[in-house]
Structures are given as C-alpha cells and as structure tokens.
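Encoded as structure tokens, the structure appears first; notes follow it.
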C-alpha cells in the first residue's frame, strides 16, 4: 500500500498557482542576512557638544546624525544633545570612557589632560593663512594624532574646523596694553588660563554657561574668544569691543572611545568614518558663513572692532613664542618630541601647500587676511576664506573654484593606496632638545 501510494498521479496544474508556490519557497529559503535593515535592532549613537545648535559645530553634528540615520538604513539611531545639555567638555569626555556617550565634538582644553600631545591643535602663532590651510596641514598629520589618542582610550573621528580667537571687552580699548589687570573669563584649563595671562589680564575660570551673566554684571570684563563663538553665545550684547589679535586659530576634535569604536562591526566603522570625514567640508563652509553673519550682527549691535593691522602685536607675539615652547617642554620629553615633529611637519607641509596654490594646478587666487576696514564692524568675508566646491577624496583637500582640483599632497606619491593618499604620513625629522 505504501509503494502504491507513492506512484505519481497525473493531475492538472494551474500555472499561476505553481508560480506562487515557487515564489513562496524561494522567499522562505532566502538568506536571513538579506532581510530589510529595519528588522534589526538599531545601534544607538548619542552625540553631544557644549555648543548651541545654531553654532557651526552644532550644525555639523546635526548633519552627521542625519547622514548616519539615512545611510545606515535603520541600523543606526542618532540623537544629538546640544548646548551642554549632556554636560560640558569634561563630563562628555568622562561619559565617553564610561560608555554613557558615543560621540562628542569640541574636544580640546580638557582633552589635553588625557592626551597632552593634542595641545598642538590650539597653540599660538602658527600663522595660518586661513582655515582651509590649517585643515589640510593638520589632516596630513592625522595618523600620529590618532595613535596618541588611542593610547589614551580615545578615537578621533573628525577635525573640528574653527576660527581665529581675539579679545572681547566690555569697554572700548585700542591696544593690548589697555588690558592690563582686567578680569577675564577663562576656560578652566591650563592652556587658556596661561594664554589669558599673556595679555596681562587676570583669568577667572568659569563654565561656558555662566559667562554671559558674568559679563553683564561686571564679574568679568572680557574674554578670549572667536567672533563666531561670541555671536552664537550672544556675548556681543554685553561686550562692545573686539580686538582682532589672531594669536590662535582654535581647532578641536570630534571623538569617540577606543572601546566603543573597536567593538563596532567593520562596515559601521567605515560608514561612520566616511560621514565624519565629509562633515569637515560642511564645517569649513559653515565657519565662513557664520563669520559673515556674526560680523553683521555685531555691527548692528554697535560693537567696535580694532582690526588686526591696527594693533601692535610685536610684544605679545614674542611672549607667545617663548610661552609655546616652554609650555610643551614642561609636558615631558615624549610630548615635547611629538611637538617638535609636528612643527617640522607643519613647516614643510604648509610651504608645499602654498607653493601648490600658485602652481598651474591651482590657478585661482588665495587671498590673504581680509583688507582693512573701518573701526566699526561691517559685513565681510572670513579672513583668508576661499570658496570651495567639495572635497578631493584622495587627498582630503577642499576643491576650490569652479573647475580646478587641488594638487595631490606632496607626500603622496603615485601608487599609494587610497588610505595612504588620504592621510599621508608626516616625514618626521629627528626632534631637537
């Protein structure tokens, strides 16, 4: 009976029904890895900064979050905490290491306590022509920065491109000598406390969130700050004079922790790296746009500007050079050797960058600092800014002008891998003692 039951019986088969059955069988046997991304539990990414959402760093973080959510196709779920709502820089760094936060931007002053080598990002008197030049030179030194950061438990994801710092005061002043003995709000970090002293001011360390009322009530008479930071924090409402000293072009890092980073799947690390690198171009463009808006807002608020070329900076520049070397030497032999390697790299790379800017591959003009204006703030371009047209993905150099690409980095010979071309290693020379 069993053998008889297995004899095939010829029955009419409805072809549409057969097609449906085959489709169901194929679907049920498909590879589970091909399921829609939405079926997976999203990886939560909490992102924080002390800067307001309308600050260019805040805009950069919103862009990163939106791009990661979009390109992650349901695998990532990003949330941004602006304006210090997740704590200040110190708390953000601690939370990264504790696993309470995945990404932060603006790692600088407090970060140097963990990684003193990174202090090179905010030392005075590098004489950058503009933010684009600073970005190119620092990015070419990226691998050494990543190496020292990972040794301290962190993983840099992007450079925060910022702008030159000057001096904001309650009362009109016309010279550095006028700042002697004034009370200045300072970041509660060694570097900025010492830089404040260079101006002859008395540092009064306090949190970013408390600064506005300190200026308004006279607890502090001024601050070292960039024009765009001051505008975002609305300090121009109570501080009515700006000295365009340009001693420091402040840069910082967008960071995560080494532990969290190393635990991610490789494809997610690649995606986050790609988005964070691209965010630097968004950042560059935003710095220039915010500078222009900040100048206009300050002009309307009646803020007086003392232009860079109207200031006698010879004495403070001499002090700053001496301070820079002594400050890094006091960090110990390893940190000082790192600093010396950075100086050698910076000098060589900056020279090559400027030479390439005047070559046939870079025929557009690279303007110097903005021309002198009146002693009243006016709408103007960011100092030394260049219009950009995207990023050269091989060299990580901004493409300026309508049709031309930046020349390849001089330390990236033909035949190198894409990764090596993107972040060329600095040609380290022997450090000086």
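Highest mean packing first, where packing is the average number of other Cβ atoms within 10 Å per residue, the peptides 256-267, 63-74 line up as 63-74, 256-267. A Förster distance of 30 Å, applied to the separation of the beta-carbon atoms of residue 234 and residue 183, puts the FRET efficiency at 0.90.
D by Stokes-Einstein for the stretch 109-193, Kirkwood Rh over Cα pairs, 4 °C, 1.567 mPa s: 85 µm²/s. Remark on the stretch 64-174: Rg and Dmax equal 16.6, 56 Å (Cα only). Highest mean packing comes first when the peptides 114-122, 301-309 are listed by Cβ atoms within 10 Å, giving 114-122, 301-309.
Just so you know, all these numbers are worked out from the coordinates, no wet-lab data involved. Source: prediction; values computed, not measured. No Cβ is skipped: glycine too gets one built from the backbone with ideal geometry, and neighbour counts run over all protein chains shown.
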